[in-house]
Structures are given as C-alpha cells and as structure tokens.
C-alpha cells in the first residue's frame, strides 16, 4: 500500500469519526502524507547511517536540513519513497564531505564555512519559499513570513556554526554547514535538475 493510500485511509477514518467536511479531510490527508514521508525519510537515513557508523553526524545534517525545509520549501521527488531513498544516498555523502572539511587547517576551515554559509543565506533570501505545485502558497504575506523565518534560521545556524568553530568543534560546524547547503541546493535550478534526474533514474528501475 502506498503512502497516499495509507494517508487517505487514515484521513477518511478520522473524518468519519469526527464528522468532518471534505475540505477538512483533505487537510488531514495532506498533513498525514507529510508526516509519513518525514518518518520514512528519517528511517531510511537512520538505516544507512547505522550501516556506515555515522548516526550522530547524519542526525546533525538531517535536522538542520529539516528545520530549514519547514520554512524554505524545496524540490522533492515524485513519491515519498523516492525522497527517502534520495536522503539515504545524499546524507552519507554530506557526512563524508563534512568529515573532510572538518580536518582542514583552521584558517581554511573558517574561509570555507563563512563562504558557504553566506551563499546559503543569500539563496534562502532570494528563493524561499519554494512551494509544491500541488499546494502553491498564494498568500503574499505568508510567503514573506516564511522567507523571513528561513533567512532568520539560516543566520542562527551560521552563528551557531561560527561559535562551535571558535570553541574548536570544527567537525560539527562543518556538518551544520553541510546541512544548510543541502537544503539551499534544493531551492536552486541545479538542485531541481539533480532531483529530477534521480527521480527519473528510479522510475526506470520501477521504484
């Protein structure tokens, strides 16, 4: 049974029990799809992280990306399963990059982290929020609020990263930066192209 069918079943059951109108059922169904998708994605990342012994590092990247995505939106695959598989592939790669960056000398590490973070903040300020074609955000005020929250959170993460760097936690600082860059990339055209390519690749093998 697909995620959409499960969500439809759950929303239908809740609506019947509470005697809710059809528009409320649609809201519940959409929310359920989002929740199941997030859980599926986190589970797939957790499994991969356990296999490669990188749970803590993967958690940092995943949560940073997830918090930003709540306000910034971003491109995604055509199904929750494909999104989960994408996360299972991308996050371990970002962990390896974070480990590599974290081993650089202090001056180089500062330069890279500041440079990447400033680019990410700029991307969030320009492109946020990137909404779903099926659920577009038409309210201009809401779009401004989401953009402001995305930029504010990215600045907070940047300052946190800088503080950790100052306290000699370069590895963690690099991982936070990887999480930010991962989410920022999903707002850009190259990110959209890459995700569409991955999605098409999975469709070829019937996943």
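Coordinate-derived values only; no laboratory data. Being a predicted model, the structure only gives us computed values, none of them experimental. Cβ: placed from backbone, ideal geometry, glycine included. Neighbour counts: every protein chain shown.
Just how far, in whole angstrom, is region 35-67 from region 153-207 if you go by their alpha carbon centroids?
13
What is region 46-134's relative contact order, in percent, from Cα pairs under 8 angstrom and six or more apart in sequence?
45
Please say if region 54-204 is rounded, prolate or oblate, where rounded means a/c under 1.5 for a ≥ b ≥ c the square roots of the C-alpha gyration tensor eigenvalues, and otherwise the choice is prolate for a/b larger than b/c and oblate otherwise?
Here region 54-204 falls in the oblate category.
Sequence gap at least 6, Cα distance under 8 Å: using those rules, report the relative contact order of region 54-204 to the nearest whole percent.
Over region 54-204, the number comes to 43 percent.
Between helix 80-102 and the chain, what is the angle of the helix's C-alpha long axis to the longest principal axis, kept within 0 to 90° and rounded to the nearest 10?
Roughly 10 degrees between the two axes.
Within 10 Å of each residue's Cβ, count the other Cβ atoms and sort 42, 54 from fewest upward.
Sorted ascending by nearby Cβ count, the order is 42, 54.
Using only DSSP helix segments of four residues or longer, with each worth -39500 (n - 2.57), what per-residue ellipticity at 222 nm results for the chain after dividing by its residue count and rounding to 500?
Dividing the helical sum by the residues of the chain leaves -28000 deg cm²/dmol.
Compute the long axis of helix 3-18 from its Cα atoms, compare it with the longest principal axis of the Cα atoms of the chain, and write down the angle in degrees, 0 to 90, nearest 10.
Long axis of 3-18 versus the principal axis of the chain: about 60 degrees.
Measure nothing but the geometry: give the 0 to 90° angle between the long axis through the Cα atoms of 170-185 and the longest principal axis through the Cα atoms of the chain, rounded to 10°.
Here the helix axis deviates by roughly 40 degrees.
Answer rounded, prolate or oblate for region 85-168, using the Cα gyration tensor with square roots of eigenvalues a ≥ b ≥ c: rounded when a/c is under 1.5, else prolate when a/b is larger than b/c, else oblate.
oblate
Please check: in the Gaussian network model of the chain (C-alpha springs, under 10 Å), which one of 44, 128, 12 has the largest mean-square fluctuation.
The residue with the greatest mean-square fluctuation here is 12.
Where is the GNM fluctuation largest for the chain (alpha-carbon springs, 10 angstrom cutoff): 105, 23, 131?
So, out of 105, 23, 131, the one fluctuating most is 23.
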